[in-house]
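Below: one structure, written as structure tokens.
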Amino acid sequence: MIETTVSDHGLVVAPHPAAAETGRMILIEGGNAYEAAIAMAATAAVTRADVAGLGGDGLWLAREPSGVVRAIDACGAPARGASRAGYGALGYDAIPRRGAMAALAAPGAVEGWRLALEIAAACGGRLPLKVLFGDAIRLAREGVALSAGFAARLSEAADDLKPQPGFAAAFFVDDRPLAAGDALVQPRLADALEHLARAGLKDFYAGDVARELAADLERFGAPLTRDDLRRVGAHLRRPLQVPLAGGIAYGARSQGFGALALLGIADRLGLADDRDAGFVHGLAEAAARAARLRDRFGEDLDADAALGADALQREADAVDPRRAGPPGPGFRGEGAWFGVVDAEGRAVSLVQTLHDPFGAGCLSPATGVLVHNGGAGLSLDPDAAHALEPGARPPLGVTPGLATLSARGDVLVFGGGAEAQAAAALRRIRLGRGVGDALDGPRARFVHGALRVEPRFDGEALDRLERMGHRVELSGEAHDRVQGAAGLIARSASGRSEGGADPRDDGAALGL
């Protein structure tokens, strides 16, 4: 079992120890959960630039001490100049995952910070950006040792990434990708963060940083323009929710639909033994059905009805407990999850993502910003579920989650990849596991049509999965990074919080 952190005065979880330390210090300085989350996200944009850069998207869930839950949608839309016809005229039959033509959707993360900072101020927050960004600026300028997860992602994608504009100069040395422990120094990113701390976050979209970022994108040949940046806005939205046996779970509208549907379906399957083949099978079938629901309802006004108790029960009833159905379209992408509970009981669950690790691979030399490739999740087929059109947004596979678990006010703050967070949250909510057990427990995930399983399930469980019709692929790692990372903070009504980071990634949990 992994170690967890317990605190009565506030707790943070972040995808890198330095980011967690930033959040802890912000709480010590009197900052609230919103301010701590912004500061952690800024530090992670430096230390985990592989998944959490300024050029990505963001989704927030927050629960106030009063019990009110709100969501912030900070995901950008495609550039106005990006069209199916335009890609077709250039000879593309699909939007590429890397390169300038993958940089077609605006980054919304920094605009999400701006809106969250306004809410933080309304809650009594007073810390200036120069304090919130202090660690990020210092680490970008002085350098930070590359984490194991960062280095692994860089090595795996090095051949695709090395030719992309601006990338090799930042992440390669002596013609090789940086390795774990190597110093990553990002002076231009430090300058950009320092400027934003002085000029304000709107500058990222309508000021000097926007001008320099847009000029680099134009030079690369990317569809995203300065006008597209000016139009970016984050929105405060009513969260999606699903009833669970132990309470209510919330998701960010509308990108959190798939992950929330997965949790809601799996909760209704009556899974009782998380080391049994039935647990793996049930989660896999729930994931397949949830992904198909997402493609049908994710951006639709009927999304609330599709997440109702009766609708989710029908989905659960359609799962054959003895036989595997066809795999679903899956949940694409990786990202970074940040969780915070402050001393007042305010809880924040935040995801920041470049969609795929390192996004489009295009790094602006003037700003140090790596631009996401979320637009690669859109289709050039006009009849596809997520067709490229004005205002369309690709589905996200990594989202924030939050649940209220009793009338007394127990709260679970969680997030990460859809399958990973569902496994961890169900172990906590449905099976009553401790935070460490919930995160540590073995997992499985569909990868290219095969069910990739961690080896800590026994042989009988694996044999049974194959008899059910699953094509089982055994991972070589006890904690398989391909499973995706999750994180949890459980806060009791008494005010005590317990938190943990996933052993499959580089995160940390710290308390006051």
Subset of the stretch 223-237 (residues that are closer than 24 Å to ARG97 by Cβ and either under 24 Å from the mean Cα position of the chain (by Cα) or β-branched (Val, Ile, Thr) (or both)): LEU224, THR225, ASP228, LEU229, VAL232
Residues in the stretch 259-317 that are basic (Lys, Arg), out of contact with any helix residue (DSSP H, G or I) (no Cβ under 8 Å at 6 or more places or on another chain) and either over 23 Å from ARG452 (Cα atoms) or modelled with pLDDT of 95 or more (or both) total 1
Among the candidates ASP191, ASP182, ASP159, which residue alone is modelled with pLDDT of 95 or more, of a type in the set (Asp, Glu), more than 24 Å from the chain's Cα centre (by Cα) and under 29 Å from PRO128 (Cα atoms)? ASP191
With farther than 15 Å from LEU370 by Cα and touching a helix residue (DSSP H, G or I) at 6+ places or on another chain (Cβ under 6 Å) as the only criterion, which of ALA179, ALA192 stands out? ALA179
What is the residue count in the stretch 247-293 for residues that are assigned to a strand (DSSP E or B) and either among the β-branched types (Val, Ile, Thr) or more than 14 Å from ALA422 (Cα to Cα) (or both)? 2
The one condition in (1) hydrophobic (A, V, I, L, M, F, W, C); (2) over 26 Å from GLU35 (Cα atoms); (3) over 23 Å from the mean Cα position of the chain (by Cα) that LEU213 fails to fulfil: (2)
Could you tell me whether the stretch 336-352 includes any residue that is more than 30 Å from GLU29 (Cα to Cα) and either at pLDDT 95 or above or small (Gly, Ala, Ser) (or both)? no
Are there strands (runs of 3 or more DSSP E) fully within the stretch 454-512 with at least 2 residues that are under 26 Å from ARG332 (Cβ atoms) and out of contact with any Ser or Thr (no Cβ under 7 Å at 6 or more places or on another chain)? List them. 472-474, 486-491
Look through ALA384, ALA420, ALA438 and report the one residue that is without any contact (Cβ under 8 Å) to a residue 12 or more places away in the chain, in contact with a helix residue (DSSP H, G or I) (Cβ under 9 Å, 6 or more places away or on another chain) and outside any strand (DSSP E or B). ALA384
When you scan the stretch 104-114, do you find a residue that is aliphatic (A, V, I, L, M) and out of contact with any Leu (no Cβ under 8 Å at 6 or more places or on another chain), even just one? no
Please pick out the residue among ARG253, ARG289, ARG268 that is in contact with a Lys or Arg (Cβ under 7 Å, 6 or more places away or on another chain) and among the charged types (D, E, K, R). ARG253
Looking at (1) in contact with a Lys or Arg (Cβ under 6 Å, 6 or more places away or on another chain); (2) buried (at least 24 other Cβ atoms within 10 Å of the Cβ); (3) within 29 Å of ARG433 (Cα to Cα), can you tell me which one ASP50 breaks? (3)
Considering every residue within the stretch 303-324, establish whether at least one is surrounded by fewer than 19 Cβ atoms within 10 Å (Cβ to Cβ) and under 26 Å from ALA106 (Cα atoms). no
Matching entry among GLY86, GLY58, GLY99, GLY23 (being surrounded by fewer than 17 Cβ atoms within 10 Å (Cβ to Cβ), among the small types (Gly, Ala, Ser) and not assigned by TED's automatic domain parsing to the domain that holds ALA485): GLY86
Of LEU224, LEU139, LEU201, which residue is at pLDDT 95 or above and part of a helix (DSSP H, G or I)? LEU139
The residue from GLY335, GLY330 that alone is within 24 Å of THR43 (Cα to Cα) and of a type in the set (Gly, Ala, Ser) is GLY335
Of the conditions (1) part of a helix (DSSP H, G or I); (2) touching an Asp or Glu at 6+ places or on another chain (Cβ under 9 Å), ASP160 clears all except one; give me its number. (2)
Scan the stretch 489-512 and tell me whether some residue there is modelled with pLDDT under 95 and closer than 24 Å to PRO326 by Cα. no
Residue in the stretch 113-122 that is touching a residue at least 40 places away in the same chain (Cβ under 8 Å), part of a loop (DSSP other than H, G, I, E, B) and within 22 Å of the chain's Cα centre (by Cα) present: no
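The values are calculated or read from the model by the stated rules, or taken from the named source; none is laboratory data. Nothing here was measured: the structure is a model prediction, and the numbers come from that model. As a convention, Cβ positions derive from the backbone with ideal geometry for all residues, glycine included, and neighbour counts pool all protein chains shown.
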